[in-house]
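All remarks here apply to the structure that follows.
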Amino acid sequence: MQSRRKPPCSGYRIIFLLCFLFVSTTVTARPFVLILSQDDLKDGPVDDSFDDPSSVVDWDEFGESDGSSDEDLDPGSWRPIFEPDEYNSDRDGAKAFMYHHFAADSGNTQSKLARAYTYSRQELYEKAVILYAELAEAAVNSFLISKDSPVIEPVRIHNGAEENKDALKKSRGEDDEDFLILEYQAQKGNAAAMYKIGIFYYFGLRGVRRDHAKALSWFSKAVDKGEARSMELLGEIYARGAGVKRNYTKALEWLTLASKQQLYSAYNGMGYLYVKGYGVEQKNYTKAKEYFEKAADNEEAGGHYNLGVMHLKGIGVKKDVKRACKYFIVAANAGQPKAFYQLAKMFHTGIGLKKNLPMATSLYKLVAERGPWSSLSRWALESYLKGEIGKAFLLYSRMAELGYEVAQSNAAWILDKYGESSMCMGELGLCTGAERHQRAHALWWQASEQGNEHAALLIGDAYYYGRGTERDYERAAEAYMHAKSQSNAQAMFNLGYMHEHGQGLPLDLHLAKRYYDQALEVDAAAKLPVMLALASLWVRRNYADTFLVDIIDSLPSVFPKADEWIKNVIMEEGNATILALFVCLLTVLFLRERQRRHAAPPPQPNDNIVN
């Protein structure tokens, strides 16, 4: 008979996220690691689709469009979601997919994302890859050039066990205390603070609304104070025409000044201007290649990427698809989103890499999720910070439907944390407790499918305790095994516990010890619980069928009762005060008795004793 035991040591976790098979990333979604075997590389024809050097999406560039609004890039889908007229309580996955199907055919970007994500979960990669390729191209067209990622920062509002207060504090935009201090320093003439404020406004980071005019103003002031990094950004601003009239000549001047200050990423922008012939007398591929190489030699991802484009297309160099692929891999490992896009095209078409639709789909998805429609995450975060939990849950749920892992995780956490305040809608109104558990379980499961090891751990807990689903130790073990494969120390500990007690796994003390040891290797914070677990194993091995084993087995049931008694009796405000006074009194009495003993005179010799 299986007993109800709680795997201990639930207070420590390592958050380590794997996006997909060969792309690993932490909670902050950086850095990427791409590992391709020699079998993935191939010799193949290069078709004409790669031969257009003016293709907008190929270069790491400043862009030539007039700057379409976000509403144009994401037609017909934002306002009704952000300001819904009413909640829809009728949840029907098949009906939702049908509506997304027709909306996607009519050009609705978010419906295309939802449809593509559904196809990818069903492993219908032939259909998913087409939609994700279209969305990825649109996303790439919206990117800014920078060595930093230009996308809206995805913020995980929790760190697994509790609210991620540090991340939330840094996402309050102009109301953040740190931002106000930085702004004050900038106003007092601090050049570094001016540059940082300009960065926040230019890229719209840390909850600050993007404002090119303010960014230009702060960068200009910083340059006047001798801040060299602002020179490169001014070059980009003039090249893009962001908040000013486009002027390639000024752009080249600022980039040249920046490069002389050893800002090597500026070489990448200069190389692009020579490729296009902007701000210079004529196109010069040789000079462009030299600048890209200078950037690449100094570990600038944009330089590697653009060298890859030159070799892919044969611009100024001999066409070499294999070499281009190697450049793209280096750039992708440094977080260059367009490099992922190029590798996705290679996997999709089979040019340069063996055709692999699952990989192409994963890479296209990674790029597509960086498009302007990702601003939904900002609205969701702003709602959460304002205490509008229901609206935040609605928006995160919407993004979860589109396939955003962070949103799936956030929506699930809100359900678990806030309960009825989440405004989750069920069959007959607000969700019941069971419906919330089921909804959270589904969201955690989706996040787990995308490599969120904490989600896999929570799924294991759900099956272990029967939260929102039937208790199933075997499925709990499967979920823990998935989290363990992603180096989760808690999952390793739980697997050891289940082997020790024969819950969902064979009773095997040797395997239990192996998992406990692995947990300690991964996380040094697990030392105490692992030592206690190993002590328990020693007792079981040497004193089997004795009362000592019975005592150990009784601890999981005794501990919750003791914990509840401490909270309800000992830690009750009045009792806690009396207990504290009693402890103080005992301490005083002990110290006085100790002092009295030390102060007592030594005994005098007896005069009646004759020597």
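Using only alpha carbons, the stretch 154-222 has a radius of gyration to Kirkwood radius ratio (Rg to Rh) of 1.06. Taking the inverse of the mean reciprocal distance over all distinct Cα pairs, the Kirkwood hydrodynamic radius of the stretch 167-334 comes to 17.0 Å. Pairs with C-alpha atoms separated by more than 22 Å, drawn from the list K170/K225; K250/K283; K127/K355, are K170/K225.
Can you send over the carbon and sulfur percentage of the accessible area for the stretch 167-334, probe radius 1.4 Å, protein chains only? Here it works out to 44 percent. If you take the square roots of the eigenvalues of the alpha-carbon gyration tensor of the stretch 440-527 and sort them as a ≥ b ≥ c, do you get rounded (a/c under 1.5), prolate (a/b over b/c) or oblate? Taking the square roots of the gyration eigenvalues as a ≥ b ≥ c, the stretch 440-527 is oblate.
Compared with the direct C-alpha span, the chain from E253 to K386 gains 43.5 nm at full extension, assuming 0.36 nm per residue.
Here the calculated FRET efficiency for S217 and N141, from their Cβ-Cβ distance with R0 = 45 Å, stands at 0.95, rounded to the nearest 0.05. The phi torsions of the stretch 412-421, fed into the Karplus equation with coefficients 6.51, -1.76 and 1.60 and a -60° offset, translate into couplings of 5, 5, 4, 4, 5, 7, 9, x, 5, 5 Hz, rounded to whole numbers, with Gly and Pro shown as x.
Across the options V223, A167, G243, the greatest Cα extent toward the positive end of the charge dipole of the stretch 167-334 (unit charges at beta carbon of Lys, Arg, Asp, Glu) belongs to G243. Using a 7 Å offset from Cα along Cα-Cβ at V539, what residues in the stretch 507-524 end up with backbone N under 12 Å from the label point? Nothing falls inside the zone, counting backbone N under 12 Å. Spin-label model, A580 to E123: label points 7 Å out along the Cα-to-beta-carbon direction sit 6.0 nm apart. Would you work out if the stretch 269-327 is rounded, prolate or oblate? Take a ≥ b ≥ c from the square roots of the eigenvalues of the alpha-carbon gyration tensor; rounded if a/c is under 1.5, else prolate when a/b is larger than b/c, oblate otherwise. Taking the square roots of the gyration eigenvalues as a ≥ b ≥ c, the stretch 269-327 is oblate.
What FRET efficiency would be calculated for the residue pair K283, D517, taking the C-beta separation as r and a Förster radius of 56 Å, to the nearest 0.05? The value I calculate is 0.35. Placing pseudo-labels 7 Å out from each Cα toward the beta carbon at K245 and D175 gives an inter-label distance of 4.0 nm. Give the shape of the stretch 399-481 as rounded, prolate or oblate, defined through the alpha-carbon gyration tensor: a ≥ b ≥ c are the square roots of its eigenvalues, a/c under 1.5 means rounded, and otherwise the shape is prolate if a/b is larger than b/c and oblate if not. Note, shape of the stretch 399-481 comes out oblate. In this rough spin-label picture, where each label sits 7 Å from Cα along the Cβ direction, the E420-E134 distance is 4.5 nm.
For the peptides 247-257, 443-453, residues were scored by their other Cβ atoms within 10 Å and the scores averaged per peptide; the highest-first order is 443-453, 247-257. Surface calculation, 1.4 Å probe, protein heavy atoms: R209 sits at approximately 130 Å² accessible.
The values are calculated or read from the model by the stated rules, or taken from the named source; none is laboratory data. The shown structure was predicted, so the numbers you read here are calculated from the model rather than taken from an experiment. Every residue, glycine as well, gets a Cβ built from its backbone with ideal geometry; the counts of neighbours run over all protein chains shown. Areas reflect the complete protein model, heavy atoms only, side chains present, ligands, DNA and RNA absent. Shrake-Rupley method; radii C 1.70, N 1.55, O 1.52, S 1.80 Å.
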